[in-house]
Amino acid sequence: MKNANLLFLLFILLIHSQCQPPNPPEIKEEQNLNVERPEYTIVIHGGAGSISRGSIDTAKEKMYADSLNFALNIGEEILKNGGSALDAVEQTIRFMEDCPLFNSGKGAVFTHEGTNELDASIMDGKNEDAGAVGGIKTVKHPITAARAVMEKSPHVFLAREGAETFSKQNGLEQVDNSYFFTQKNYDRLQNILEKEKANLQGYDPSIEQENPDWKYGTVGCAVLDKAGNLAAGTSTGGMTNKRWSRIGDSPIIGAGTYANNTTCAISSTGHGEYFIRYAVAYDISARMEYGKQSFQEAANEVIMKKLVEKGGSGGIIGVDKYGNVAMPFNTSGMFRGYAKPGKRVVKMFSE
Ligand code: ASP
């Protein structure tokens, strides 16, 4: 009887030990604590895609490099003078929107119907305020419209005619949709429409990706300013041949853009549907906040592992609260660059 009681007691102890909640995971120390945070950091992208040495001629390569450098100059000048991360993001992106090399503003790609519909978003890491516009056709600088939504409306995301009315009411520069016409983007649409007809397949973004010089081309900027505030923004024409008022990830907070002073600021470029479904920008920030991963580690895992496994192509650029930069991409190249005091990098190809 005594033995039976002992066995029962042991049995209870065994069950009890197995039902204990597991030990909480060990909280790792911050891995990237830079004691000397740079005074400021600015990171930009001009889209990912089939960008490999030899796929762009030297003259064009120089044009891209000059434009990326010029964009960095604009943001850096603001930051050197103590300007805010938000101002640096907005002004840098406005320049890129005016540059027809990139798929945003003037260089926006065409919809199936032959129009241009633009998306943009911006986020302030200081207070986690955000603004976005989707499917707008007549505002010259969508990034400024996104900022106006953030600062002058009680909302986060306005779309199409309503966003245009709001922009007009707030005095933003209006243009006719034909302002966004560029021959190269129009020809690209015609080319895809022909292929689509031949394939009898309907809309299929992979048709465009077979093109040897295919690029996403969206622009984005992420900044850490002297006050230690983070901000990010993204602006795009979306994907060539998009239809049914398709809106991609670029104006979606947490997918195309995210900023939070406790982690990082991020702008994405790539096949938007995947970036939306996997909340890419927020996922990276959440891995840092809850999983204590470093920025580099979190960004690499999401872009180079998770997205690759799921079949999503593209990349992100960003900066964390310590001024660490990450720019991973899973395509052959990405127009990208960053600047901090005494350091400037501009790259296109994978190394
Ligand atoms: N992500 C954008 C979209 O899907 C495209 C791009 O990055 O160029 O609309």
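Each reported figure results from applying straightforward, stated rules to the coordinates on display, with no laboratory input. It should be emphasised that the depicted structure is a prediction, and the values quoted were computed from it without experimental measurement. All Cβ positions, even for glycine, are placed from backbone atoms using ideal geometry, and neighbour counts span all protein chains on display.
Taking the stated definitions as given, is Ile143 touching a residue at least 40 places away in the same chain (Cβ under 8 Å) and assigned to a helix (DSSP H, G or I)?
Working: touching a residue at least 40 places away in the same chain (Cβ under 8 Å): yes; assigned to a helix (DSSP H, G or I): yes.
So Ile143 passes the test.
Kindly list the number of the only condition in (1) within 10 Å of the ligand (Cβ to nearest atom); (2) not charged (D, E, K, R); (3) not in a strand (DSSP E or B) that fails for Ser267.
All conditions are met except number (3).
Could you pull out the residue among Thr236, Thr262 that is of a type in the set (Val, Ile, Thr) and near the ligand (Cβ under 7 Å from one of its atoms)?
Thr236
Working only within segment 284-301, note down all residues that are surrounded by fewer than 22 Cβ atoms within 10 Å (Cβ to Cβ) and part of a helix (DSSP H, G or I).
Ala286, Arg287, Glu289, Tyr290, Gly291, Gln296, Glu297, Asn300, Glu301
Do you know which residues across segment 241-259 are surrounded by fewer than 24 Cβ atoms within 10 Å (Cβ to Cβ) and either basic (Lys, Arg) or near the ligand (Cβ under 10 Å from one of its atoms) (or both)?
Across segment 241-259, the qualifying residues are Lys242, Arg243, Arg246, Ile247.
Can you name every residue in segment 313-345 that is surrounded by fewer than 24 Cβ atoms within 10 Å (Cβ to Cβ), aliphatic (A, V, I, L, M) and closer than 11 Å to Ala48 by Cα?
Scanning segment 313-345 gives a single hit, Met327.
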